1. Under a Cβ-Cβ cut-off of 11 Å, what is the net charge of the residues other than residue B:301 that fall near it, where Lys and Arg count +1 and Asp and Glu count -1?
2. For the range A:54-162, would you read off the P(r) tail past 22 Å as a percentage of all alpha carbon pairs?
3. Kindly express, to the nearest 10 degrees and within the range 0 to 90, the angle between helix A:23-43's C-alpha long axis and the longest C-alpha principal axis of chain A.
4. Note down the nm distance, to one decimal, between modelled labels 7 Å out along Cα→Cβ at residue A:31 and at residue A:91.
5. Over chain A, give the accessible area per residue in Å² for a 1.4 Å probe, as an integer.
6. Using only DSSP helix segments of four residues or longer, with each worth -39500 (n - 2.57), what per-residue ellipticity at 222 nm results for chain B after dividing by its residue count and rounding to 500?
7. Contact order normalised by length for chain A, with contacts defined as Cα pairs under 8 Å and 6 or more residues apart; what percent is it?
8. Would you mind putting B:187-200, A:62-75 in packing order, based on average other-beta-carbon counts within 10 Å, highest first?
Amino acid sequence: MNSNIGQFKALLIKEYKEAFRDKRALMVALMMAFMAPIMIMVMSKVVIEKAVDKPPVYIKFTGAEYAPKLMAHLKKENLLDFADIPEKDKAIWDERNIVINIPESYSQDMADGKTIKVHLQADFNDKAVSPPVRRINNAIRDFSLSIGYKRLLLRGVDIRLLNPVKLVEQDTSMPDATFIMISMMMGLYMIMAAFMSGLSVAIDSSAGERERNVLEMLLCQPVSTLKIVLAKLCGASTIAVIGVALVLVLSSISVGFVDLTKIGATFSLGFTKGLTLFLLLLPICFFASACQLFLAFQAKSFKEAQSTVSMVIAIPAFVPFVLMMMDDRPQWLDWVPIAGQSLIMEDVFKGVEVNWLAILATSGVTIAITAGLVAILTQKLKSEKVVMALS
Amino acid sequence: MKIMWKQLMAASLLAVVNNSWADNQALTVEDCHLGEIRSKVKCGTLQVPENYANNSGDKISVNFAVLPAIDNSEYKAPLMFLAGGPGQAAVELATSLNRVFREIRKTRDIILVDQRGTGQSSALECDLEDEEDVYRVLPEDLNIEDVKSCVSQFKGDVSQFNTENAIRDFDAIRVALGHEKINIYGGSYGTRAGLVYLRMFPESLESAVLDSVGPIEVPIGMFGQSGARSFNLLLDNCKNSESCHKVFPNLAEEFQAVKARLAKEPITLDIQHPRLGTPTQFVLDDTKFTGNLRFQLYGVEGRSMVPLVIHQAYLGNYQPLIGLIARTEGEQLVYTGLLFNIVCNEDIPKVSAKMREIDAANDFDGAASHLAWELICPLFPQYRPSEDFYQPVTASVPTLILSGDLDPVTPPSNGDFPAKTLSNSKHIIVKNASHTVAMSTCASNIIGEFLTSKDPKSLDESCLEDVPEETFMTSVNGVE
Amino acid sequence: MIEVNNLHKSFKDKKNTVKALDGLSFTAKDGEITGILGPNGAGKTTCLRTLYGLLSADEGFATIDGIKVTEEPLKARARLGIFPDKFGLYERLTAYEQIDYFASIHGLTGDNKKQAIEQVIKDLELEELAHRKMVGFSQGQRMKVTLAQALVHQPKNFVLDEPTRGLDVMSTRILRKHLAKFKEKGHCILFSSHVMQEVAALCDRVIIVANGKLAAQGTPQELCELAGETQLEEAFVKLIGSDEGVAA
């Protein structure tokens, strides 16, 4: 018994040593995890900034001194004078070269009630220029309107006359539609992380070892194939677990920096939520590694193993989407690995009371299938077919 | 003819200007669209006893709305908004409150309750026979019979439509929605309501914000001195502004001249109705003139036009004034029935002749702000709150008190009363703001910080220093 | 002692059946180096894989120290040191770790293991290499590590499959030296090769396999006599009936 444990320990330690020493493969394995905050940041940068934020725009003014109120208004909209530009942005905005010309007659024309023509020059074909141009347009129109309103008001006109029809938008989507989208993406990402992180280790320790002629040697040793499979499973799924844990930790940190409420969405990943998700994903890590080992051991070469296993990655990516499409989900889906987990994850993200029974059930099924895969694999490694494929 | 109500209002309202359930069946909540808010929110009603001393008696339905927190992943006690007036319907203000409190709404529900007697909560209303023509009527034209007939149309026991019962309603809604504690923001008369809430149910409150305070110690309705103070600050600010002083060097004198001219004889002008474009008459006397100017003093935007309006009136051009009146023409700002019901019964009886005299001794509008109470209060049914109601409110609930220095109705001195009696409070006076500071300045962000920290004494108030000094329009075409 | 008794093994695929072993029997005794000599495709690798328990014979059996490989593969393997024909190494491990790994698999623990590893490292003069990662090791260095890993648990029986292939003279000599040493100690050594000289120089007994059958067996001397030839190579060719696949 003791030597049994010692044997297994030795097998496992060796798997770990190999996995952790292959720095490049490890980086690739954990790429998903490190991409998570980047993804979240990019999402916030692109989506939120586009939707809400008003990044500074630098404009080359001529005649700014004739229109201090207009300049103040533009400044409030973060449309700034090129003269005040920080050094680091200078080159970009010099290149974009947005120019506004304010005529000398500005103040006299204003007093006389004449239309003042302010000229905006820019390369309108340049994509980078169009959002600033749109904002300048809006800002100047607002400014112009507010003065226009006051002019009419001071002439005794009811300024509400200027808005004969007002369109009030009423969004009928559920308040959390954006949220569902985001949480689905996150859930998908986490399941993908479980599958991706252990991938390279799983292939390397199975198909890779066979190609390097070390597997045969191992099979000739007085050690049961079950232990070999379990050691390799543990090795690969440990990396998967680390990957998932990293995704969770890094996501929860980076999500804190992103104000999704700006786009009316919400997403938070506290400690309890993170822990629940982790527990939920744990069996998935083992399941993913078992699938990968199963396929990789049966592939004829390392290359083939890589391509077959990569195809399997499509499954976790596919399942949540299919679930979304299905209006009428059969009950058994709740139990199926990945499907079950992604349904529960939805609840976790929503902050709905988690059904621990469901977690236990789907985890149980997942673990059972994993165990089945291990058992089959154990037998397969004993079979002559595998041995004959060795050389 | 429904004269006056509006005209009087302009001179007197204390409004926010800007633009485990005990009984499950009593509560209904459903998704709804409200005002101009794009996303869905919740609307609901709660059945409450009309008279809390008689639970089995008549019920009234109290209308409320919840602007749900955008990020509800972590429960934070909601913020209940207590409307001003008295007589503003909170739910009707949803659009602008959704904007003002957007930072707070990110993590907290905002609860809006139509105070009983307003909005959809058994509003004290009556059928108006005619649209009142704000251009033609004068404040003094009030038809007593119309008011009487209107009061007689009120349904229910009007004496139950008092501040204390309103607070009982609010707290019942808190319970019905399942909140152990809430935060309250009261603006203007809402601060009075908030103080009563603090006295009646301190254990229900996590914190309170009182913005532009109407303390128990100061009866609502005496606005002569505070209006004059606000107006004089405007005159000073104009004098100190180079461009304003250059264009209007004799503003104070011109104001007095116009007032005297109109007091001597009201003017009548044939004008195009600003909205309808049909011929009508514009009638103006001194009370209507100062009343409408007073209304502009509530916010910096209105204030920016006051010097120009006075100067043009002095030159005989009343169009700017007509344009200002047109801004709110035909809009119901407050439910006047509830306004008079509460002020006439809870505040005016506490005003002594001496107080009246002192308040009237001002060079802005004299006793004009008292007119509405004098004419209308005798027509309203009477009730009297208990003496407890008038005791200074003491509570240890963290309280943030805000005042705008330019305020024409609730001057900063008002805020000093609760600052003294509430043990855990801080009074912040914003120099360049007028009535209800949070509606127009970054004070709404400070409130957000306060709701989180619950420590009124260690807030970052620095952004208030950036509130710009008031500026004035100097030409009917706009300048520069 | 390794015994192979009447082994039959055929591989079938869709079209045809290849008979790899056809009643092969032989015995490798303790204290002797037994060479298996045979042309490519004669069944040497199949025979050895059957011996390791990787393949099961259609008929007949193999025993190691009297333990039937098919019945108790783990126990049988525990008495076996294997030097495979294609020796792969875990390149990300150090030599020491690799040897340690195999020592642990064979159930060595604690101080025993440590001493065994130290000993084998010393015997094979691996001290300088022991704590280097094996990536980039020369063929000779790899051979030494493989030898060390096969011998660390002091197996009673030692099987080498084409061990000298690809080795330079120095490495081959080291290997031979160790095999001789082991023989002295009374171990059973089974040595598969198709290199005549090596077999002639090292082996006490030679088993010649052809077409899955035992073609002849005996000392190199006996075989020469049997074939009536003075050179083993000639004897070999004569005994298997062809010179195909025989390396000089």
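The values are calculated or read from the model by the stated rules, or taken from the named source; none is laboratory data. Small disclaimer: the values here were computed from a predicted structure and weren't measured. No Cβ is skipped: glycine too gets one built from the backbone with ideal geometry, and neighbour counts run over all protein chains shown. For accessibility, only protein heavy atoms count, side chains too; no ligands or nucleic acids. Shrake-Rupley method; radii C 1.70, N 1.55, O 1.52, S 1.80 Å.
1. +2
2. Taking all Cα-Cα pairs of the range A:54-162, the fraction more than 22 Å apart is 36 percent.
3. 30
4. 2.9
5. Result: 49 Å² of accessible area for each residue.
6. Value at 222 nm, helices only, nearest 500: -10500 deg cm²/dmol.
7. Computed value for chain A: 20 percent relative contact order.
8. Taking the mean over residues of other Cβ atoms within 10 Å, the ranking is B:187-200, A:62-75.
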